[in-house]
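Read through the structure below, which is laid out as structure tokens, and then see the notes.
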Amino acid sequence: MQKLRRHQRCPKCSTLNVIRWGVQNGHQRFRCKECGVMFTPRRPDISTANRFIWFRKWVLGKQSLASLSEESGYSERQLRRWFS
Ligand SMILES: [Zn+2]
């Protein structure tokens, strides 16, 4: 059984107080209970796949965390958090 425990954050006021608000074009929509904005989060599996690419580069030892950070545009701390 897959458990979806991602907490969506409102893109406008960044509260976590959002609720599911139906599905549009196969994408889950959310609605913020604070400011009422409706939004569809970007597909999380794409960014996960991207992280994995960076992770592989790192594991293969071809690049240091610092150069990965430079190339990917993510901070070194962020990369370290993903890889740990
Ligand atoms: Zn909001």
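The values are calculated or read from the model by the stated rules, or taken from the named source; none is laboratory data. Given the structure is predicted, the values throughout are model-derived calculations rather than measurements. In this analysis, Cβ positions are derived from the backbone assuming ideal geometry, glycine residues included, and neighbour counts consider all displayed protein chains. What goes into the accessible areas is simple: the full protein's heavy atoms, side chains included, and nothing from ligands, DNA or RNA. Shrake-Rupley method; radii C 1.70, N 1.55, O 1.52, S 1.80 Å.
Remarks
- Residues of region 29-70 that are assigned to a helix (DSSP H, G or I) and within 16 Å of the ligand (Cβ to nearest atom): none at all.
- Subset of region 72-81 [open to solvent by 60 Å² or more (accessible area, probe 1.4 Å) and under 14 Å from Arg56 (Cα atoms)]: Arg80
- Pair list, Cβ < 6 Å and 6+ apart or interchain, from region 14-26 residues that are open to solvent by less than 60 Å² (accessible area, probe 1.4 Å) to residues that are more than 11 Å from the ligand (Cβ to nearest atom) and assigned to a strand (DSSP E or B): Gly22/Arg29
- Filtered residue count, region 1-25, keeping only those that are at pLDDT 80 or above and assigned to a loop (DSSP other than H, G, I, E, B): 10
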